[in-house]
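The values are calculated or read from the model by the stated rules, or taken from the named source; none is laboratory data. Computed from a predicted model, the values in this text were never measured in an experiment. Cβ sites come from the backbone with ideal geometry, for glycine too, and all protein chains shown count toward neighbours. These area figures cover heavy atoms from the full protein model, side chains too; ligands, DNA and RNA do not enter into them. Shrake-Rupley method; radii C 1.70, N 1.55, O 1.52, S 1.80 Å.
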Amino acid sequence: MGLAEWFKTFNSNIQVQNAGTISTRYKNITQRLNRDFYGSSSETSHSLYVGSYGRNTAIQGFSDLDMIFQLPSSVYRQYDRHSGNGQSALLQEVRSSIAKRYPSTFVSADGQIVAVPFSDGITFEVVPAFLNDDKSYTFPDTNNGGSWKVTNPRPEIEAIRTRNAACNSNLVPLCRMMRAWKSEWSVPIGGLLVDTLAYQFIDNWKHKDKSFLYYDYMCRDFFLFMAEQSREQSYWRAPGSGQYVYGKGLFQAKANQCYKIALGAIEHESASPSQERSAKKEWRRIFGSSFPS
């Protein structure tokens, strides 16, 4: 198994394996909400995958699946006029609807989401929302007495999709590999920031038109890119939407550590004769057991 096969196998190992189960749950929740809010039995209308799953950058073992369900505008008017915390009352109505489909599950409503936990560790986080003229969404926030907030996930999804296509489908694997690194090294960085930095990096990466044979260089160069991000910077701009993506901590030090490990792995690959076993051991230090031994 050569270098390209190592990274091809690694990417296959971290790909989400239970997409069928996820789709069934998504359709069940969507159908229940459509019945109660639209009098429809559609399993797909008014729903949208968002977050890492919507951007296609989630990996096997992820715990939270984000979805938006678009409610009728009349419901917004109803709860905007509600005495007290209308946002909380709205979340409770959505919670009650979903609980009809999952009566033995503890469906909860808090903050901005209705949470539907499943026994395999995945929790669906359903955001009830209202579509705006610019295709963004207004959603309820129950905190501090209740308010309305705005999110705009569609441009983010489209930006990742477009750039991934423009760089020989290398952006999405980079985002996924860095999620494996984030998990293995307990890196204080959110998934959207991983995707944002990867999106920025790959646009100017000189090998973006290549494939798995160059993934060792891609990881090495991206670790350096992350390590060189200013430690004074508190936020970045998400692709497409331009929304603020705030840092959760200093990720630069661990990125620099793994840049150095990647340099060592590539040295082993380039040795004569090639020290493949040692190289794979270094990549496993970075990415964990999903990387082939």
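Results, tabulated for the structure shown:
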{"item": "Charge dipole (the chain, unit charges on Cβ, about Cα centre) - positive-most of Tyr214, Leu131, Thr142", "result": "Tyr214"}
{"item": "The stretch 1-34 versus the stretch 222-250: alpha-carbon centroid distance in Å", "result": "27"}
{"item": "The chain, accessible surface, carbon-and-sulfur percent (1.4 angstrom probe)", "result": "44"}
{"item": "With Cα atoms, 0 to 90° folded angle of helix 86-101 axis to the chain main axis", "result": "80"}
{"item": "Helix axis angle, 171-185 relative to the chain longest principal axis, alpha carbon, degrees", "result": "90"}
{"item": "Given (i) 55, 52, 51; (ii) 62, 40, 37; (iii) 73, 39, 31, the label whose value is Cα extents along the principal axes in Å derived from this model", "result": "(iii)"}
{"item": "In degrees, nearest ten, helix 19-38 long axis to first principal axis of the chain (Cα)", "result": "20"}
{"item": "Partner aspartates and glutamates for Lys208 [C-alpha distance under 17 Å; skip if fewer than 8 residues away on the same chain]", "result": "Asp195, Asp216, Asp221"}
{"item": "Table column - 3J(HN,Hα) (Hz), the stretch 146-156, Karplus curve with 6.51, -1.76, 1.60, x for Gly and Pro", "result": "x, 7, 10, 10, 10, 10, 9, x, 4, x, 5"}
{"item": "Kirkwood hydrodynamic radius (C-alpha pairs) into Stokes-Einstein, the stretch 120-209, 10 °C and 1.306 mPa s, D in µm²/s", "result": "102"}
{"item": "For a label point 7 Å along the Cα-to-beta-carbon line of Lys206, residues of the stretch 133-176 with backbone N under 20 Å", "result": "167-168, 170-171"}
{"item": "Å² of accessible area per residue within the stretch 159-293, as computed with a 1.4 Å probe and no ligands counted", "result": "48"}
{"item": "Approximate spin-label separation Phe118-Gln78, in nm, with each point projected 7 Å along Cα-to-Cβ", "result": "2.8"}
{"item": "Neighbourhood net charge (14 Å Cβ-Cβ; Lys/Arg +1, Asp/Glu -1) for Gly240", "result": "+1"}
{"item": "Trypsin sites (Lys or Arg not before Pro) restricted to DSSP loop in the stretch 175-240 with at most 12 other C-beta within 10 Å", "result": "Lys206, Arg231"}
{"item": "Sparse-neighbourhood loop sites, GluC sites (Glu not before Pro) in the stretch 196-293 - DSSP loop, at most 13 other Cβ within 10 angstrom", "result": "Glu228, Glu232"}
{"item": "Lys, Arg +1 and Asp, Glu -1 on Cβ, resulting dipole of the chain about Cα centre, debye, nearest 20", "result": "280"}
{"item": "Inter-probe distance in nm under a simple model that places probes 7 Å from Cα toward Cβ, at Gln92 and Ser108", "result": "1.7"}
{"item": "Lys210 long-range amide H proximity, modeled H, under 5 Å", "result": "none"}
